Amino acid sequence: MGEVREGYKMTELGVVPSEWEVLTVDDIANKIVGGGTPSRENESFYNGDIPWVTVKDMKGSFYQEDAQEFITEAALKNSASNLIEPNNIIVATRIALGRGFINTKEVAINQDLKAIYLNDTKVKNEYFLYWYLQNAEFIKGLGSGSTVKGIRVEQLKSLQLPIPNIGEQQKIASILSTVDEQVDETEQLIVKTKELKKGLMQQLLTKGIGHTEFKQTELGEIPNEWEIKDLIDIGTFSKGKGIAKKDLSDKGMPCILYGQLYTKYKERIDKVTSYTEIEVKNPVIGMKNDLLIPSSGETAIDIATASALNVDNIYIGGDINLFTPFIEVDSNFLSLQINSTRKSELAKLAQGSSVYHLYSSSLENFSVVLPSLEEQQKIAQILSTVDEQIDIYEQEKVKYEELKKGLMQQLLTGQIRVKI
């Protein structure tokens, strides 16, 4: 065992600052309160005005909580559910172990949650304990159960944690809370920008840019200058083949698998990050301005998606419909249209029950609206700019989350000390 540096000591939890104490949750809590689920057979127990919080409602944020259901006073009196006073720590002891929040208002909780009431002698700042529980990965290791993991109240009470003085607790909690607020603010920017994009898509893909005269068509009202065409009249279909997940490598020919159209790529594909070194016999090669539509998926609405290819010479894997325009069409505009205003109609073409399929024979007669090429490109560029801003916000969120994770690990163990 290495020598402990000056100002630190070895404890059951490892090396911590010398003046910190190692205490259990039971040492710092007045009481731990559980919850329950009111009988579903009694309608008078639900649709009341008391928020009833379960694990699925918890967002892991210390400053707010949401409830999808509300119960009545009668439900509280006739069930194990308890009303939790504001400003206490509520933590999941089943399913999402360790996830928690500090309630800002009175809430009732179900049996998967526990409320910790602090005794204010050793820990006056509930946010410090909240952050520690969020950082305590070993809580998950305490869980038992074959399918759903849970910990008992006795285990929660015996959970050990390193406790600094009150001033340091408050400073640590303040730092972590500030970073978490930044994560939340960035998430709100992402949500608002996505809402902006949704509104812009609806406007631009039906009304266009600067039009004043419109006509009624089978696809709704569109500008007079726009046309309606079937895909078979503007391009040809082929089907990808020959590449599976096991064939991927970190070099070789860039390729796209059908599952990546759901998980990795959005309306446009500007960079391909998967490669394969296998030699595909008579490979299907995607080129810039091609359109990719999956040919199989789990649900009809999931399969109704499209991605515009903005790079050349890409192997196209199996279960992908490859559409190649033979007239002047911007595939970015097509993908935006298919993924928004035409998505539900495309979903109707999917065939199957447990697995759905979109065949090129069905897609050929699928209709789309077509402005001039110049207007298609302008619309696609406007929406691409919004996408770029969303990407910037998402990258910022990741950075803040990584910062928070690192600070939690270092501040809550005393590896980094804060000045009071």
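The values are calculated or read from the model by the stated rules, or taken from the named source; none is laboratory data. No experiment lies behind these values; they were computed from the predicted model shown. We place every Cβ from the backbone using ideal geometry, glycine too, and count neighbours over all the protein chains shown. The protein model used for the area step is the full one, side chains on, heavy atoms only, and it has no ligands, DNA or RNA in it. Shrake-Rupley method; radii C 1.70, N 1.55, O 1.52, S 1.80 Å.
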key: Shape category assigned to region 293-420 from the gyration tensor of Cα positions, a/c cut at 1.5   = prolate
Lysines whose Cα lies under 25 Å from that of Lys31, excluding same-chain neighbours fewer than 8 positions away = Lys56, Lys59, Lys77, Lys105, Lys114, Lys122, Lys124, Lys140, Lys149, Lys157
key: Inter-centroid distance (Cα atoms) of region 6-84 relative to region 238-256, Å   = 48
inquiry  = Using a Cα-Cα cut-off of under 19 Å, which aspartates and glutamates could be cross-linked to Lys419, ignoring same-chain neighbours fewer than 8 residues away?
reply    = Glu6, Glu19, Glu21, Glu168
ask   = When ligands, DNA and RNA are left out and all protein chains stay put, how many square angstrom of accessible area per residue does the chain have with a 1.4 Å probe?
value = 51
query = To the nearest 10 degrees, how steep is helix 166-207 against the longest Cα principal axis of the chain, on a 0 to 90 scale?
reply = 20
ask   = In terms of the ratio Rg/(2.2 N^0.38 Å) built on C-alpha atoms, what value belongs to region 221-287?
value = 1.50
query = Hey, got the dipole for the chain? About the Cα centre, +1 on K and R Cβ, -1 on D and E Cβ, debye to the nearest 20?
reply = 960
ask   = Expressed as cubic angstrom per residue, what is the convex hull volume of the alpha carbon set of the chain?
value = 220
note = Asserting the computed 222 nm helical MRE of the chain (DSSP H runs at least 4 long, -39500 (n - 2.57) per run, divided by residue count, to nearest 500) equals -10000 deg cm²/dmol
query = Which of the aspartates and glutamates could a cross-linker bridge to Lys192, judged by Cα under 18 Å and excluding same-chain residues fewer than eight apart?
reply = Glu181, Asp184, Asp387, Glu388, Asp391, Glu394, Glu396
task = On a 0 to 90° scale, report how tilted helix 126-135 is relative to the longest principal axis of the chain, with both axes built from alpha carbons and the result rounded to the nearest 10.
result = 60
query = ³J(HN,Hα) across region 360-373 via Karplus (A = 6.51, B = -1.76, C = 1.60, θ = phi - 60°), whole Hz, x for Gly/Pro?
reply = 4, 4, 7, 6, 4, 9, 7, 8, 9, 8, 10, x, 5, 4
key: the chain: antiparallel DSSP beta bridges as a percent of all, rounded to 5   = 90
